[in-house]
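Q: Below are the structure tokens for one structure; questions will follow.
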Number of protein chains: 2
Amino acid sequence: MKHQLTRIEIVMADVKEKIATVVYMPGTRLPSVRAAANSYGFSPSTVVEAYERLQTEGTIYSRPGAGFYVAETTAPLSLTESGHNLDRAIDPLWVSRQSLEPSDNVLKPGCGWLPPDWLFEEGMRRGLRHAARGDATVISEYATPLGLPALRQLLTRRMAGLGIDAQPSQVMLIESGTQAIDLILRFLLTAGDTVVVDDPCYFNFRALLRAHRVKVIGVPYTPSGPDIETFAKILEEHKPRLYITNAAIHNPTGATLSHATAYQILQLAQASGLYIIEDDIFADFEVKPAPRLAALDGLSRVFYIGSFSKTLSASLRCGYIAAPNEWVESLLDLKIATGFGGGQLAAAVVLSALTDSGYRKHMSMMHTRLASARSQTLPRLEKLGIVPWLLPQAGMFLWCRLPDNNSATELANRCLSQGVVLAPGNAFSQSKNAENFMRFNVAQATDSRIFKVLAQALV
Amino acid sequence: MKHQLTRIEIVMADVKEKIATVVYMPGTRLPSVRAAANSYGFSPSTVVEAYERLQTEGTIYSRPGAGFYVAETTAPLSLTESGHNLDRAIDPLWVSRQSLEPSDNVLKPGCGWLPPDWLFEEGMRRGLRHAARGDATVISEYATPLGLPALRQLLTRRMAGLGIDAQPSQVMLIESGTQAIDLILRFLLTAGDTVVVDDPCYFNFRALLRAHRVKVIGVPYTPSGPDIETFAKILEEHKPRLYITNAAIHNPTGATLSHATAYQILQLAQASGLYIIEDDIFADFEVKPAPRLAALDGLSRVFYIGSFSKTLSASLRCGYIAAPNEWVESLLDLKIATGFGGGQLAAAVVLSALTDSGYRKHMSMMHTRLASARSQTLPRLEKLGIVPWLLPQAGMFLWCRLPDNNSATELANRCLSQGVVLAPGNAFSQSKNAENFMRFNVAQATDSRIFKVLAQALV
């Protein structure tokens, strides 16, 4: 069941958040009890109790007569939002952890990937057999710093098909899409920087940014992209360093960026020196191509990301970055320092699968299968009063509004106890204004038990 | 040819180092020209020139009449030591980059791994074929958060053989040994923390720590481990958070930790709250088992690391961490946030290879081959006046003193132009006192051309 934050816990969480994002540095004096009470609008005794609990935890310490100070960090990094004894369901890591846990008999309409039998298993098996009898270097040696040249060439041709003009020398292979984003974050950000995300956005962007100890600001997402007026205001007021977003099919909404919004994002970014990460891991699900920021921008301030976890295999780790030319060398240094040489084997198997004669047919079958799963899931949800925010053109997600008075967090907790893992809205929402929303994966929602459990759990 | 740092460059490099390790924060006022001149022992005009160049670069700015201040960071993270126009050969990334670059006809006695035909190629091919016809889940799905259970169980049995008592629930799989270390650093450190490394140590520890913006202090390494008196002094004076070292066979020296030193390290660590990363990637090269810190400590403050890049394949990325119980959950959160689910395929192939009936025979052959390469390389080096610091019991490295008046950096640059990649001492040395040393990999030093090039390049 959901745990409501008490006022004391709100103050504690706020202080911890400010320490995590280095608004408060070690040694910083905290606001006086009276000043804090005024600014929170709580009573002084609430603040006193919160400060005392923080002191007991070792987060802050007091100097008699001089107030409270932020302790030198002694506890290792924790990514949970408000301490371990609170509800993790509003935590951006909750959905990942639940989805990844071993799970006989658990249904996972909340997870972010396709069932294994939807993926290109035959192509992967052929790719593995091909590698098993192939070149000894590919089996045994580190890759060159950028990674397997033949795959990088193929990727530039695929990007060219989306209007993105990248040279193979700008493309580097990374173990996964998430690691690719992480590498760029490490490269661009220092603790205390500000980053803009879509609200809602892929929950792991939020977890990842937390690991970088940066301030995160959400921009409301509309059916054609981020709300441009708010985006402009955020850039002006907060001078963020980076905006991170999905290309093609937005996670969780399934929306698609319009040409006009793409153009305006880039104009604003250029004027304010903003960098952009465009995460295109759903590219191959697209039916009608949407504009890519990386194409308009010519890879000047956009870092473009892709991977194959959603189409080929999540078990074989291979992602890539197409980076602005001027940053390639420094990014490579960082790649080597933090991961040493990459391997060649995963890249070689991916190359085999992408060039396999069956790949195109497989993807076209997947599109049909997704469309069919979508049209079967929609009426089942609507019967329960669960209504999609928009009808996506492609992809696996439906971002849905729950019937009034239903808390997505509470619903997710109730369904979890019945063996159904859901993806509650606030895991995706920086402003926590999606408590009435839920993301469904239509490919993981074919089992009728899901809807029985939902029907019982809804209020 | 080697570029000697001028006094101006020394001042510039020092200021940048202090910014990188957040001794100077953005907005910090730099010491006055007069104060700086005094503390460096240089003339005021040298400091003025250095400050002006730093200002031109945008690293610092001046307020008329008020001095110089550290600029807000605007340039992305750079791991090179002293700006791009200086000599990279003293840089911890130089050896990695040179070793990993594509290289027809280049000889690499400086690189840190075995030639591909020394690795367990046949076992890897069998493992790949096995995976190709195996379970669809292993081919297609994310692993569970900790990673493939069967491999984690095997790893605990292998650790038990070294006296390390780990439960499978404490062992997590990571894409590589380097990424395993990186994950722990992210978990334990914040910018400005202090970390102790061996001097000399594996150069990539230095590059990796640079990416974490921490202060690094070297402790002189002796033939039986770190110099304990200095180690104790460092702990007292600098209160470091972490010590990172190799187990079994020290890189670059080939030395082995003694039981007495291991015991003293742990006692000092416990008394001062120091954490330890013990990197055991050379475990399988060992002939006579050395003590493991993780065994003595019972995985209470030691994080134990391993991988298979040096014995099975560098192309298939798979490493692991055995972590103190209390940190497993938080480390897993961080693993998922920064890399999402791991894969299963690499782990499954590693498991096949390690349980392959040919593995033991392969490793025993590799030991013989290394011993033979060592005994062939030694006289060839000694003929050139290049003398090992000690005679290692095992492994691939010889840490050697060059004949007097030879700079390892200059020698490495001269040999590089002749197609021979070396590993100059100062890449491994935090204090830069190894300019007269060179690391040789005996398995990569079988070609007689190497010694001809060396003979010509020595002064």
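Q: Does the range A:331-372 hold any residues that are in contact with a helix residue (DSSP H, G or I) (Cβ under 8 Å, 6 or more places away or on another chain), in a helix (DSSP H, G or I) and among the β-branched types (V, I, T), and which are they?
A: If the condition is that a residue be in contact with a helix residue (DSSP H, G or I) (Cβ under 8 Å, 6 or more places away or on another chain), in a helix (DSSP H, G or I) and among the β-branched types (V, I, T), then A:I336, A:T338, A:V349, A:V350 are the ones that fit.
Q: Follow-up question, since we're still on this one. Counting only residues that are farther than 16 Å from A:L345 by Cβ and in contact (Cβ under 8 Å) with a residue 12 or more places away in the chain, which one in the range A:147-157 is surrounded by the fewest Cβ atoms within 10 Å (Cβ to Cβ)?
A: Residues of the range A:147-157 farther than 16 Å from A:L345 by Cβ: A:153-157.
Those still in the list that are in contact (Cβ under 8 Å) with a residue 12 or more places away in the chain too: A:153-156.
Working: A:Q153: 14, A:L154: 17, A:L155: 23, A:T156: 19.
Going through the qualifying residues, I end up with A:Q153.
Q: Evaluate the following for B:L93: is it facing chain A (nearest Cβ under 8 Å) and under 20 Å from B:H367 (Cβ atoms)? Give the steps one after another, and end with the answer.
A: Details: facing chain A (nearest Cβ under 8 Å): yes; under 20 Å from B:H367 (Cβ atoms): no.
Answer is no for this residue.
Q: Another one. For B:H250, work out the one condition from (1) under 30 Å from B:G343 (Cβ atoms); (2) in contact with a Phe, Trp or Tyr (Cβ under 8 Å, 6 or more places away or on another chain); (3) in a loop (DSSP other than H, G, I, E, B) it doesn't fulfil.
A: Of the numbered conditions (1) under 30 Å from B:G343 (Cβ atoms); (2) in contact with a Phe, Trp or Tyr (Cβ under 8 Å, 6 or more places away or on another chain); (3) in a loop (DSSP other than H, G, I, E, B), the odd one out for B:H250 is (1).
Q: If you check B:L316, B:L312, B:L345, B:L331, which single one turns out to be over 28 Å from A:W113 (Cβ atoms), of a type outside the set (S, T, N, Q) and within 13 Å of chain A (Cβ to nearest Cβ)? Write out each step before concluding.
A: Details: B:L316 fails: over 28 Å from A:W113 (Cβ atoms); B:L345 fails: over 28 Å from A:W113 (Cβ atoms); B:L331 fails: over 28 Å from A:W113 (Cβ atoms).
After ruling out the rest, the residue left standing is B:L312.
Q: Between a residue in the range B:20-34 that is under 21 Å from B:V216 (Cα atoms) and modelled with pLDDT of 80 or more and any residue that is loosely packed, with under 14 Cβ neighbours inside 10 Å and not polar (S, T, N, Q), which pairs come within a Cβ distance under 8 Å, given they are 6 or more apart or on different chains?
A: Nothing qualifies.
Q: Of A:R374, A:R414, A:R439, which residue is among the charged types (D, E, K, R) and either in contact with a Pro (Cβ under 6 Å, 6 or more places away or on another chain) or outside the structural domain of A:W113 (by TED's automatic domain parsing) (or both)? Let's see the steps before the verdict.
A: On the way: A:R374 fails: either in contact with a Pro (Cβ under 6 Å, 6 or more places away or on another chain) or outside the structural domain of A:W113 (by TED's automatic domain parsing) (or both); A:R414 fails: either in contact with a Pro (Cβ under 6 Å, 6 or more places away or on another chain) or outside the structural domain of A:W113 (by TED's automatic domain parsing) (or both).
From the options A:R374, A:R414, A:R439, the qualifying one is A:R439.
Q: How about the range B:299-309: which of its residues are more than 12 Å from every other protein chain (Cβ to nearest Cβ) and out of contact with any Pro (no Cβ under 8 Å at 6 or more places or on another chain)?
A: Result: B:Y304, B:I305, B:G306.
Q: So A:T73 fits all but one of (1) away from chain B (no Cβ under 13 Å); (2) modelled with pLDDT under 80; (3) over 18 Å from A:P252 (Cα atoms); what number is the exception?
A: Failed condition: (1).
Q: For the range A:378-409, name all the residues that are buried (at least 18 other Cβ atoms within 10 Å of the Cβ), touching a Gly at 6+ places or on another chain (Cβ under 6 Å) and more than 13 Å from A:L422 (Cα to Cα).
A: Once the filter is applied, which keeps residues that are buried (at least 18 other Cβ atoms within 10 Å of the Cβ), touching a Gly at 6+ places or on another chain (Cβ under 6 Å) and more than 13 Å from A:L422 (Cα to Cα), the range A:378-409 yields A:P392, A:G395.
Let's see how each residue does on (1) crowded, with 24+ Cβ neighbours inside 10 Å; (2) more than 28 Å from B:A337 (Cβ to Cβ); (3) at the interface with another protein chain (Cβ under 10 Å from one of its Cβ atoms):
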residue: A:W113; (1), (2), (3): no, no, yes
residue: A:D117; (1), (2), (3): no, yes, yes
residue: A:R126; (1), (2), (3): no, yes, yes
residue: A:R129; (1), (2), (3): no, yes, yes
residue: A:A132; (1), (2), (3): no, yes, yes
residue: A:Q167; (1), (2), (3): no, yes, no
residue: A:T178; (1), (2), (3): yes, no, yes
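Q: Any idea which residue in the range A:134-144 is nearest to the other protein chains (Cβ to nearest Cβ), counting only those that are of a type in the set (A, V, I, L, M, F, W, C) and crowded, with 24+ Cβ neighbours inside 10 Å?
A: Filtering the range A:134-144 for residues of a type in the set (A, V, I, L, M, F, W, C) gives A:136, A:138-139, A:143.
Then keep just the ones that are crowded, with 24+ Cβ neighbours inside 10 Å; that gives A:139, A:143.
Details: A:I139: 5, A:A143: 7 Å.
Looking at residues that are of a type in the set (A, V, I, L, M, F, W, C) and crowded, with 24+ Cβ neighbours inside 10 Å, I get A:I139.
Q: Quick one: is A:L208 at pLDDT 90 or above, facing chain B (nearest Cβ under 8 Å) and in contact with a Lys or Arg (Cβ under 8 Å, 6 or more places away or on another chain)?
A: On the way: at pLDDT 90 or above: yes; facing chain B (nearest Cβ under 8 Å): yes; in contact with a Lys or Arg (Cβ under 8 Å, 6 or more places away or on another chain): no.
For A:L208, the condition - at pLDDT 90 or above, facing chain B (nearest Cβ under 8 Å) and in contact with a Lys or Arg (Cβ under 8 Å, 6 or more places away or on another chain) - is not met.
Q: Look at A:L296 and say whether it is in contact with a His (Cβ under 9 Å, 6 or more places away or on another chain), at pLDDT 95 or above and surrounded by fewer than 24 Cβ atoms within 10 Å (Cβ to Cβ).
A: Working: in contact with a His (Cβ under 9 Å, 6 or more places away or on another chain): yes; at pLDDT 95 or above: yes; surrounded by fewer than 24 Cβ atoms within 10 Å (Cβ to Cβ): yes.
Taking the combined requirement at face value, the residue satisfies it.
Q: Any residue at all in the range B:414-424 that is within 14 Å of another protein chain (Cβ to nearest Cβ) and not basic (K, R)?
A: Here is the first cut: in the range B:414-424, the residues within 14 Å of another protein chain (Cβ to nearest Cβ) are B:421.
Remaining after also requiring not basic (K, R): B:421.
Within the range B:414-424, one or more residues are within 14 Å of another protein chain (Cβ to nearest Cβ) and not basic (K, R).
Q: Looking only at the range A:390-408, count how many residues are free of Cβ contacts under 8 Å to residues at least 60 places away in the same chain and closer than 13 Å to A:F203 by Cβ.
A: 1
Q: So, B:T156, is that one assigned to a helix (DSSP H, G or I), at the interface with chain A (Cβ under 10 Å from one of its Cβ atoms) and hydroxyl-bearing (S, T, Y) or not?
A: Working: assigned to a helix (DSSP H, G or I): yes; at the interface with chain A (Cβ under 10 Å from one of its Cβ atoms): no; hydroxyl-bearing (S, T, Y): yes.
When the stated conditions are applied, B:T156 does not pass them.
Q: Would you confirm whether or not the range B:409-424 contains a residue that is without any contact (Cβ under 8 Å) to a residue 12 or more places away in the chain and either farther than 25 Å from B:E101 by Cβ or not β-branched (V, I, T) (or both)? Even if it seems obvious, please write down each step before you answer.
A: Quick first cut of the range B:409-424, residues without any contact (Cβ under 8 Å) to a residue 12 or more places away in the chain only: B:417.
Still in the list and also either farther than 25 Å from B:E101 by Cβ or not β-branched (V, I, T) (or both): B:417.
Yes, the conditions are met somewhere in the range B:409-424.
Q: Take the residues in the range A:219-251 that are surrounded by fewer than 22 Cβ atoms within 10 Å (Cβ to Cβ) and small (G, A, S), then tell me which one is farthest from the chain's Cα centre (by Cα).
A: Checking each candidate, the answer is A:A232.
Q: Applying the selection to the range A:33-60, what residues are surrounded by 14 or more Cβ atoms within 10 Å (Cβ to Cβ) and outside any helix (DSSP H, G or I)?
A: A:F42, A:T59, A:I60
Q: Pick from the range A:122-136 the residues that are part of a helix (DSSP H, G or I) and out of contact with any helix residue (DSSP H, G or I) (no Cβ under 6 Å at 6 or more places or on another chain): which of them is nearest to B:M124 (Cα to Cα)? Talk me through it step by step, then tell me what you get.
A: Step one: filter the range A:122-136 for residues part of a helix (DSSP H, G or I), giving A:122-132, A:136.
Subsequent filtering for residues that are out of contact with any helix residue (DSSP H, G or I) (no Cβ under 6 Å at 6 or more places or on another chain) retains A:122, A:126.
Values: A:E122: 21, A:R126: 16 Å.
Result: A:R126.
Q: Can you work out which of the residues in the range A:187-202 that are outside any loop (DSSP other than H, G, I, E, B) and in contact with a strand residue (DSSP E or B) (Cβ under 8 Å, 6 or more places away or on another chain) is nearest to the other protein chains (Cβ to nearest Cβ)? Spell out the reasoning first.
A: First, the residues of the range A:187-202 that are outside any loop (DSSP other than H, G, I, E, B): A:187-188, A:194-199.
Add one more test, that the residue is in contact with a strand residue (DSSP E or B) (Cβ under 8 Å, 6 or more places away or on another chain), and what stays is A:188, A:194-199.
Working: A:L188: 5, A:T194: 12, A:V195: 14, A:V196: 18, A:V197: 14, A:D198: 18, A:D199: 19 Å.
Step by step, filter the range A:187-202, then rank; the result is A:L188.
Q: OK, next. Considering only residues that are not in a helix (DSSP H, G or I) and not β-branched (V, I, T), look in the range B:163-183 and name the one that is nearest to the chain's Cα centre (by Cα). Even if it seems obvious, please write down each step before you answer.
A: Going through the range B:163-183, the residues not in a helix (DSSP H, G or I) turn out to be B:163-167, B:171-176.
Those still in the list that are not β-branched (V, I, T) too: B:163, B:165-167, B:172-173, B:175-176.
Values: B:G163: 25, B:D165: 25, B:A166: 24, B:Q167: 27, B:M172: 21, B:L173: 19, B:E175: 16, B:S176: 13 Å.
That would be B:S176.
Q: Out of all the residues in the range B:382-392, is one or more in contact with a Phe, Trp or Tyr (Cβ under 9 Å, 6 or more places away or on another chain), among the basic types (K, R) and either part of a strand (DSSP E or B) or under 30 Å from B:G123 (Cβ atoms) (or both)? Give the steps one after another, and end with the answer.
A: Within the range B:382-392, the first condition is being in contact with a Phe, Trp or Tyr (Cβ under 9 Å, 6 or more places away or on another chain), and the residues that meet it are B:383-384, B:386, B:388-390, B:392.
Now narrow it down to the ones that are among the basic types (K, R): B:383.
Now narrow it down to the ones that are either part of a strand (DSSP E or B) or under 30 Å from B:G123 (Cβ atoms) (or both): none.
No, every residue in the range B:382-392 fails to be in contact with a Phe, Trp or Tyr (Cβ under 9 Å, 6 or more places away or on another chain), among the basic types (K, R) and either part of a strand (DSSP E or B) or under 30 Å from B:G123 (Cβ atoms) (or both).
Q: Suppose the filter is of a type in the set (S, T, Y) and either within 12 Å of chain B (Cβ to nearest Cβ) or closer than 24 Å to A:A248 by Cα (or both); does A:S272 pass it?
A: Details: of a type in the set (S, T, Y): yes; either within 12 Å of chain B (Cβ to nearest Cβ) or closer than 24 Å to A:A248 by Cα (or both): no.
It is false that A:S272 is of a type in the set (S, T, Y) and either within 12 Å of chain B (Cβ to nearest Cβ) or closer than 24 Å to A:A248 by Cα (or both).
Q: Could you give every pair whose Cβ atoms fall below 8 Å, whose first residue belongs to the range B:1-13 and is under 20 Å from B:V459 (Cβ atoms), and whose second residue is modelled with pLDDT of 65 or more, counting only separations of at least 6 or pairs across chains?
A: B:M1/B:E410; B:M1/B:N413; B:M1/B:R414; B:K2/B:S407; B:K2/B:T409; B:K2/B:E410; B:K2/B:N413
Q: Residue under question is A:F440, and the condition is that it be in a strand (DSSP E or B) and modelled with pLDDT of 95 or more; does it hold? Can you show your working first?
A: Working: in a strand (DSSP E or B): yes; modelled with pLDDT of 95 or more: yes.
In short, yes.
Q: Okay, next question. Can you confirm whether A:A271 is more than 23 Å from A:G395 (Cα to Cα), hydrophobic (A, V, I, L, M, F, W, C) and outside any strand (DSSP E or B)? I'd like the intermediate steps shown before the answer.
A: Working: more than 23 Å from A:G395 (Cα to Cα): yes; hydrophobic (A, V, I, L, M, F, W, C): yes; outside any strand (DSSP E or B): yes.
In short, yes.
The values are calculated or read from the model by the stated rules, or taken from the named source; none is laboratory data. Just so it is clear, the structure is predicted and the values come from calculations on it, not from any experiment. Every residue, glycine as well, gets a Cβ built from its backbone with ideal geometry; the counts of neighbours run over all protein chains shown.
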